[in-house]
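Enquirer: Dropping a structure here in structure tokens format, bear with me for questions.
Since every read-out is calculated from the coordinates, none of them should be taken as a lab result. Since we're looking at a predicted model, the values are computed, not measured. Cβ placement follows ideal geometry from the backbone for every residue including glycine, while neighbour counts extend to all protein chains displayed.
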Amino acid sequence: MESILDINRRRKTLPSDPSIKKDQEQALSEELKILNKLAEQQAVLIRKYETALTKQPSS
């Protein structure tokens with residue numbers, strides 16, 4: 001989560017040169033895409049664990 005927020009902060013401070021900005025923006029977008037996929041996979045895994053824990057009999 002911290003990495004995603006950091007990328008969004010870096011996007012706001014990109015230089016004004018359009019060619020540099022476009023390259024950096026593309027790199028940040030790719031990194032953000034990967035991090036979002038990881039976050040999505042982690043959320044699915046957490047939901048799976050939560051479901052499994054609620055189905056376990058109490059001791």
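Enquirer: Taking the Cα centre of region 5-59 as the origin, how large is its charge dipole in debye, to the nearest 20, when only Lys and Arg (+1) and Asp and Glu (-1) carry charge on their Cβ atoms?
Expert: 180
Enquirer: Which of the lysines could be linked to Lys12 by a straight reach, that is with a Cα gap under 30 Å, when you skip same-chain ones fewer than 8 residues away?
Expert: Straight-distance partners of Lys12: Lys21, Lys22, Lys33, Lys37.
Enquirer: Calculate the spin-label point distance for Asp6 paired with Glu30, positioning each point 7 Å from the Cα along the beta-carbon direction, and give it in nanometres.
Expert: 1.8
Enquirer: Sorted by packing (mean other beta-carbon atoms within 10 Å per residue), highest first, where do 15-28, 41-54 land?
Expert: Packing order, densest peptide first, comes out as 15-28, 41-54.
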